[in-house]
Amino acid sequence: MKRCVQVLNETLHELFVERDDVVLLGEDVLDPYGGAFKVTQGLSDAHPDRVYTTPISEASLFGVAAGMALRGQRPILEIMFGDFIALGMDQIVNGIAKFREMYDDQVTVPLVVRTPMGGRRGYGPTHSQSLEKLLLGVPNVVVVAASECHDLRGLLTNAVEDERPVFLIENKLMYGRPNRRPDDGHVGELAVRETGTRYPALTFSGTDFSEGSVTVVTYGGMLPVALEAVTELIIEHEIFCEVVALSQLVPMELEPVFESLARTGALVTAEEGTLTGGFGAEIAARVQEAVWSDLRGPVQRVAARDGIIPSARPLEDEMLPSVADVIEAILVLEGVRS
Amino acid sequence: MFFIRRFEESLLDLFSQGKLVGTTHTYIGQEANGVGIVDHLDPEVDTIFSNHRCHGHYLAFTDDAYGLLCEVMGRADGVCGGKGGSQHLCKGNFYSNGVLGSIVPVATGIALAEKRKGTGAVSTVFLGDGTLGEGVTYESLNLASLWRLPVLFVVENNHYAQSTPVELELAGSIPARAAAFGIETHELATTDVEEIHQAAGRVVARIRDTGEPFFLVLDTYRFSPHSKGDDNRDPAEIEERRERDPLKVGERLEEGERRAIEERCEARLAATIAAAEDAPAAISESEAA
């Protein structure tokens, strides 16, 4: 089984061969270094005139990519750490997200921003965050979260072919892990269904979708945490949950969550970003609007504490949401805990 | 220049009559810059990224007075369907946006794309003295020089960032800012459109020849307020600058010829305003359905 970084790297190579309009910009992306997380390895050797190693100028690079996209290119912008999207927020909010609609559909901005988010590597407060939630309130962008069980080749290819600006959120721990695609409809012992959408959602069930206690909706680097939690509940408590792993976070499409809730009637949201104003908050709001009477308890949110991510590993572990936190939230809904 | 002047004056009139909403930033007093430079650009090939004070650049590049007026008046025939308004325009190879500095990296990216495509396009971006306070401007100068991109950076130094005089917002030298990045610069202290036109011709030819960026600094002045009524400048200062009004300096036209041009402009403007006032208002798609 290929590691996730290898799948992404191979896909970039394929896209560069298939499309002349694809270029890549980013810091330290040239060979032999090949990017801080090695996703671009070999690309500049193969296509020296289409891979631009850049100054450390993220605030401008978002705008440069936007300018290229306005003029018919398909730029892929690699931002070394997801934390640095903060530097580009003016370009994102006041340019990239606006050009198409405010110019009355005369233009499109088909760019892809690839960036890794997430902690658990001890990188500390400014290199460990999950800041994709900052894009949740920005109309007209697409935010896609990759996970180790998603079709990474499909996600990246569809992002490049999308006429809209797409932020592909990768994950630092995911890179080194195997891309665990469903095999004969299963990942491990869990049955898996995948939507046919451009950026699919995966739903995992321990009972082949016949019944379920609680739905856990999650994405990205929290997927393996959620899967470990539901697997442990099956073994330890004989509680059978479903996990919905979204890839398209913005604009939010929750149809797979509603389908799962029809079988379970209770929802836990699990994300690695901080709690307040996060995806869990938006999902909870939409779920209660749509299926309030079908819920048997309040939506439980699992997220990082509202604070910084410390460098020291025990402190970081305490800050970030864990398997135990997901289990705890499920047990609250099951009435086992209060 | 006269048409731009009268167009902008008419906008201020329409505002005072309550026929326009939102805001506008007029180009009154700076017309020679836009006209002198844009004449060297090919709207089919070259691109412009302008700022909040974009009407003069837009009119000189596109000659689309009706689309602009409808846009500012919130009419369905506006060049962006009324969605953009005064400072968010797009037509063909012309773009503008309303956040200072924000446009500079985008213009740089446009130049990179056009260079890659081999179109020979020059990407012109209009800055002001106020824009020089924004950090991305310098990142873009660095990138344009480093990657040898055909960007024409035009600084229209009108000496005020909204209400703040340049002395309170800028340290050091303006041209030295670009020179430090190895970008060729030229500074021009004139409001004579012929002089600006000649200098700009040399500059654009230089960019087409070398494919490299150029930084053109123009000393200018706006007679109108920053937007509408917000003007605290000393009237004596404005009067002193009016002596160098680009419509009056170096006047070369015969009286009869000048009058004929002015009459043509007035007639066109009156017709444009009448047509825009008759045009349907921009309405949402749900209302239209």
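Readers should treat all values here as calculations from the given coordinates under stated rules, not as data from a laboratory. Bear in mind that the values here come from a model prediction, so they are computed numbers and not experimental data. Glycine also receives a Cβ, built like all others from the backbone with ideal geometry; neighbour counts cover every protein chain displayed.
Listed values, structure above:
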item: Ratio of Rg to Rh over the stretch B:2-280 (Cα coordinates, Kirkwood Rh, two decimals); result: 0.95
item: Contact order relative to length of the stretch A:186-333, as percent, for alpha carbon pairs under 8 angstrom and 6 or more apart; result: 23 percent
item: Cross-link pairs beyond the 19 Å C-alpha cut-off, checked among A:Lys38/A:Lys172; A:Lys2/A:Lys172; B:Lys19/B:Lys228; A:Lys133/A:Lys172; A:Lys38/B:Lys117; result: A:Lys38/B:Lys117
item: Cα point-scatterer Debye curve for the stretch A:4-175, base-10 log of I(q)/I(0) at q = 0.08, 0.12, 0.19 Å⁻¹; result: -0.21, -0.48, -1.31
item: Burial ordering of A:Val214, A:Val22, B:Val217, fewest other beta-carbon atoms within 10 Å first; result: A:Val22, B:Val217, A:Val214
item: Net charge contributed by nearby residues that have their C-beta within less than 15 Å of A:Pro48 (K/R +1, D/E -1); result: -2
item: Rg ratio (alpha-carbon, reference 2.2 N^0.38 Å) - the stretch B:11-75; result: 1.18
item: Fewest-first ranking of B:Asp46, B:Asp39, A:Asp317, using other Cβ atoms within 10 Å as the exposure measure; result: A:Asp317, B:Asp39, B:Asp46
item: Reachable lysines from B:Lys91, criterion Cα separation under 16 angstrom, eight or more residues apart if same chain; result: A:Lys98, B:Lys83
item: FRET E, pair A:Ala36, A:Thr207, Förster distance 51 Å, beta-carbon r, rounded to 0.05; result: 0.75
item: Tail fraction, Cα-Cα pairs, the protein assembly as shown, threshold 41 Å, whole percent; result: 36 percent
item: The stretch A:31-96-the stretch A:122-185 distance, computed between alpha-carbon centres (Å); result: 16 Å
item: Mean separation of Cα contacts under 8 Å, 6 or more apart, over the residue count of the stretch B:1-142: relative contact order %; result: 23 percent
item: Other-chain or far-sequence residues with amide H under 5 Å of B:Glu187's (modelled H); result: B:Val217
item: Furthest towards positive pole of dipole, A:Ile283, A:Val332, A:Gly196, structure part chain A, Cβ charges; result: A:Ile283
item: Cα lying deepest toward the dipole's positive end in the stretch A:144-295, options A:Pro224, A:Asn179, A:Ser260, charges on Cβ; result: A:Asn179
item: Selection from B:Gly229, B:Leu12, B:Gly22 lying farthest towards where the dipole of chain B points positive, charges on Cβ; result: B:Gly22
item: Sequence-distant residues sharing a close amide H with B:Ala161 (under 5 Å, placed H); result: B:Val166
item: Length-normalised contact order of the stretch A:4-175 in % [C-alpha pairs under 8 Å, at least 6 apart]; result: 23 percent
item: Surface/4 estimate of mean projected area, convex hull on alpha-carbon atoms of chain A, nm²; result: 17.0 nm²
